[in-house]
Amino acid sequence: MRVLGIETSCDDTGIAIYDSVLGLLSNQLYSQAQLHSHYGGVVPELASRDHMRKIVPLIQAALQESGLKGNDINAVAYTAGPGLIGSLLVGACIGCSLAFSWNVPSIAIHHMEGHLLSPMLEDNPPVFPFIALLVSGGHTQLISATDFGKYTVLGQSLDDSAGEAFDKTAKLLGLGYPGGPMLSDIAKCGVKNRFIFPRPMTNRPGLDFSFSGLKTCVARTIGKNDNSRQTYADIARAFEDAVVDTLLIKCCRALDQTGFKRLVIAGGVSANQKLRSKITKTMNQRGEQVFYVRPEFCTDNGAMIAYVGMIRLNSKRISSNLSITVYPKWLLSDLPPI
Ligand code: KG4
Ligand code: ZN
């Protein structure tokens with residue numbers, strides 16, 4: 001069985017083909033980062049138009065890469081939400097149309113289930129149960145995952161996501177978009193503890209996050225200091241340390257609370273090296289396991305959507321119909337069971 005996966009929820013067009021026996025056969029990605037960098041953030045209308053331009057050539061490239069034809073595909077999985085409505089509609093329309101013309105099921109996939117299960121694409125995949133920290137541009141969530149399709153959100157950001165906080169702070173520091181990797185880069189030259197920012201919501205019980213106050217701390221610190229490269233690097237370092245410590249504290253709390261011994265970190269911010277090294281060190285000390293994905297699967301991609309499509313296709317509980325529906329604000333708790 002082979003599933004074509006389509007990801008167009010934000011500013012990456014991702015197309016992949018997953019085979020139930022051979023694994024990933026092709027993975028094509030087009031990032032719109034350069035287009036949006038001129039505006040300092042994603043412009044939804046431009047994102048939809050760019051998906052329109054790229055999606056068909058990428059599907060052709062994915063088929064070519066795998067040496068397959070349309071009639072070798074057994075289902076089409078597409079991201080139906082959450083995300084930008086115009087972008088989602090591009091993937092949904094093409095996905096459902098292809099499924100109709102190939103006479104195979106179309107499967108609506110939840111973007112965050114894609115991130116959550118993305119470590120399953122790696123050689124040493126986690127087994128259930130585990131805690132998943134999903135840190136992306138749109139979400140920061142701690143999830144208890146006890147089986148495929150059985151997820152409980154234990155905590156989430158009440159305002160900005162971790163990725164959004166990275167991007168907004170990078171903007172304040174005059175860096176480009178997406179700011180996460182650039183901020184992390186300059187933070188490497190930052191002096192530890194020259195500035196110290198709070199670890200929000202860690203001094204009270206619970207697993208929710210709040211990152212929006214950190215950018216106010218950053219703005220205030222910029223206003224009170226010189227604008228030398230070193231000062232900006234020191235501020236970036238203080239910001240990154242604050243976010244990483246906060247995420248780490250909450251992950252440990254979620255593991256303690258559930259008694260689970262495995263942690264999965266996925267989503268764009270999970271590419272952050274500081275986050276990875278601190279979490280790895282702590283998990284080693286605790287004698288517990290942590291699972292990451294390779295950098296190209298941390299950010300949005302079609303492979304994770306094709307994989308979840310295969311899991312859902314195998315479950316035989318999919319309801320494929322001809323109505324093209326997207327859910328820009330789809331909650332993980334509203335997912336149909338597997
Ligand atoms: O998962 P993703 O590709 O898109 C969403 O689903 O939102 O995540 C994108 C986010 C952006 O906010 C970007 O700045 C952040 O991931 N990001 C990083 C790093 N690489 C990407 N943040 C911190 N450090 C990084 N190395
Ligand atoms: Zn994402």
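The values are calculated or read from the model by the stated rules, or taken from the named source; none is laboratory data. Given the structure is predicted, the values throughout are model-derived calculations rather than measurements. Cβ coordinates were reconstructed from backbone atoms using ideal geometry, including for glycine residues, and neighbour counts include every protein chain displayed. Surface areas here come from the heavy atoms of the whole protein model, side chains and all, with no ligands, DNA or RNA. Shrake-Rupley method; radii C 1.70, N 1.55, O 1.52, S 1.80 Å.
Kirkwood analysis of the stretch 198-283, using all unique Cα-Cα pairs, places the hydrodynamic radius at 14.3 Å. Our summary gives the stretch 128-292 a relative contact order of 28 percent, counting only alpha carbon pairs under 8 angstrom and 6 or more residues apart. Stretching ARG204 away from ASN103 to a fully extended chain increases their span by 31.0 nm, per 0.36 nm per residue minus the current alpha-carbon distance.
Hull volume per residue, based on the alpha-carbon atoms of the chain and their convex hull, is 125 Å³. Sorting ILE338, ILE73, ILE324 on solvent-accessible area from highest to lowest, probe radius 1.4 Å, gives ILE324, ILE338, ILE73.
In loop segments of the stretch 15-51 as defined by DSSP, the chymotrypsin sites (Phe, Trp or Tyr not before Pro) with at most 16 further C-beta atoms inside 10 Å of their C-beta are TYR39.
For helix 162-172, what angle does its Cα long axis make with the longest principal axis of the chain, in degrees from 0 to 90 and rounded to 10? Helix 162-172 sits roughly 60 degrees off the main axis of the chain. So, R0 is 51 Å and r is the distance between the beta-carbons of ASN314 and SER37; what FRET efficiency does that work out to, to 0.05? Result of the calculation: an efficiency of 0.80. Using 0.36 nm per residue and subtracting the Cα-Cα separation, the extra length available between GLN156 and GLN257 on full extension is 34.8 nm.
Under the definition of Cα pairs under 8 Å and six or more residues apart, what whole-number percent is the relative contact order of the chain? Worked out over the chain, it gives 25 percent. Expressed per residue, the C-alpha convex hull volume of the stretch 128-292 stands at 103 Å³. Within the same chain, lysines fewer than 8 places from LYS250 are excluded, and of the rest, those with a Cα less than 25 Å from its Cα are LYS150, LYS168, LYS188, LYS192, LYS215, LYS261, LYS274, LYS278, LYS281, LYS329. Ligands, DNA and RNA excluded, the heavy atoms of TYR327 present near 100 Å² of accessible surface to a 1.4 Å solvent probe. Counting only protein heavy atoms and a probe of 1.4 Å, the accessible surface of the chain is 53% carbon and sulfur. The mean accessible area for residues of the chain, using a 1.4 Å probe and ignoring ligands and nucleic acids, is 43 Å² per residue.
Within the stretch 109-207, list the GluC sites (Glu not before Pro) lying in a DSSP loop whose Cβ has at most 11 other Cβ atoms in a 10 Å radius. Loop-located and lightly packed - none at all.
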